[in-house]
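One structure below.
The values are calculated or read from the model by the stated rules, or taken from the named source; none is laboratory data. Note that the structure is predicted; figures quoted are calculated from it, not measured. A quick note on method: Cβ atoms are made from the backbone with ideal geometry, for glycine too, and the neighbour counts reach across all protein chains shown. Note: areas computed on protein heavy atoms with side chains; ligands, DNA, RNA excluded. Shrake-Rupley method; radii C 1.70, N 1.55, O 1.52, S 1.80 Å.
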Amino acid sequence: MAAPSEEAPQPRRPFGRRLLTDPARLFQHNAWDNVEWSEEQEASARSKVQENSSQLLPQDKQEEYEVNAKRYWDDFYKIHENGFFKDRHWLFTEFPELAPNRNPGHNEDSVREHIYKEESNNEGLGSCENGHCSLETRAENQLNLMKSMPKFCTEELASQKHGEVNQSYGDYPGSSASYRILEVGCGAGNTVFPILQTNNDPGLFVYCCDFSTTAVDLVRNNAEYDSSRCFAFVHDLCNDQSPFPMPDESLDVVILIFVLSAILPEKMQCVVNRLSRLLKPGGMILLRDYGRYDLAQLRFKKGQCLSDNFYVRGDGTRVYFFTQDELDDLFTRAGLEKIQNLVDRRLQVNRGKQMTMYRVWIQCKYQKPAAPQL
């Protein structure tokens, strides 16, 4: 098991820097950010992971989950449609590169304050169902757009049902745009639609793809879908013969939100390499994903582990739990430079159920080096 990175997270607000030892105080707030873990808590988490990973699934079962990955994600979306997660409006504070002003110097204190206020207004934070644990509250309003965190790895590109992708790089969807964003693993659109609603830049074009045909159908059939500003397509990241609808070095931003963790670990480097090639010089990959010892990892039982820190949920979908060093290695090997790589350890409280939930996420920004000036 890889050791946690020694790199310290970026500064957080003072109220987040707390070692919580008084249970009576836990229910005064819905969320605490940058919570410090005691040595006992860290040891307990490590012990739980050792226990739930002591029995690996047989190789034939592991191969079955890989071969049928697309079917499991299609089934997930057929069951939940667009009612599993809330829209991710927090994206614009965590990733100001997605907002109209695209100000990378956005003050992080105000970022955290905004998110804290947003979460404090919600009950039932960090909902978990069948091993799917979200950053957001479970949406009671079924009209809320959804995105399943991780997803995919097997597919056919856009079928006739979704329209053929024009292979001519002189004329491709979004070719006239001045700022191009690709979200990988778009689910039912709860990242894409907030971007389209919030960012009114006339030069913006958003691509979004998913492993699941059912998920892409949900995006394309949504009333908010605007084909003049967005192109949704089915795509298998793990198939390097599956073409993208845009040429290399054409994207300003690639978004990976709880997506890379759903891919077979041995295939992750090739996936990151492919995405890196799509970026313009100066373009950036934005990632948020599961960190080691997150609540979702600790809840797995024996018999659900595929390999170190890689598990299968009850519905057949899979998830990996990262360290900072692992992600840094993936991105730097793809020729990208680190802008941000931090751990967000958060305590969430469901006051209705009197339940505390310790979440661990990793957030990264990695940039393609700018082209040398002649």
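Quick look at the numbers
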{"item": "Enumerated helices (runs of 4 or more DSSP H) restricted to the stretch 170-282, each holding at least 2 residues that are in contact with a strand residue (DSSP E or B) (Cβ under 7 Å, 6 or more places away or on another chain) and open to solvent by 30 Å² or more (accessible area, probe 1.4 Å)", "result": "213-220"}
{"item": "Which listed residue, of 345, 359, is open to solvent by 20 Å² or more (accessible area, probe 1.4 Å), in a strand (DSSP E or B) and touching a residue at least 60 places away in the same chain (Cβ under 8 Å)", "result": "345"}
{"item": "Residue pairs meeting the criteria (Cβ under 8 Å; at least 6 apart or on separate chains; first more than 15 Å from residue 289 (Cα to Cα), in the stretch 263-277; second open to solvent by 40 Å² or more (accessible area, probe 1.4 Å) and assigned to a helix (DSSP H, G or I))", "result": "269/333; 273/333"}
{"item": "Residues within the stretch 334-369 that are aliphatic (A, V, I, L, M) and at pLDDT below 90, tallied", "result": "4"}
{"item": "Single match in 24, 3, 43, 8 (criterion: open to solvent by 30 Å² or more (accessible area, probe 1.4 Å), of a type in the set (A, V, I, L, M) and at pLDDT 80 or above)", "result": "43"}
{"item": "Among (1) in a strand (DSSP E or B); (2) aliphatic (A, V, I, L, M); (3) under 19 Å from the mean Cα position of the chain (by Cα) - the single one residue 327 does not satisfy", "result": "(1)"}
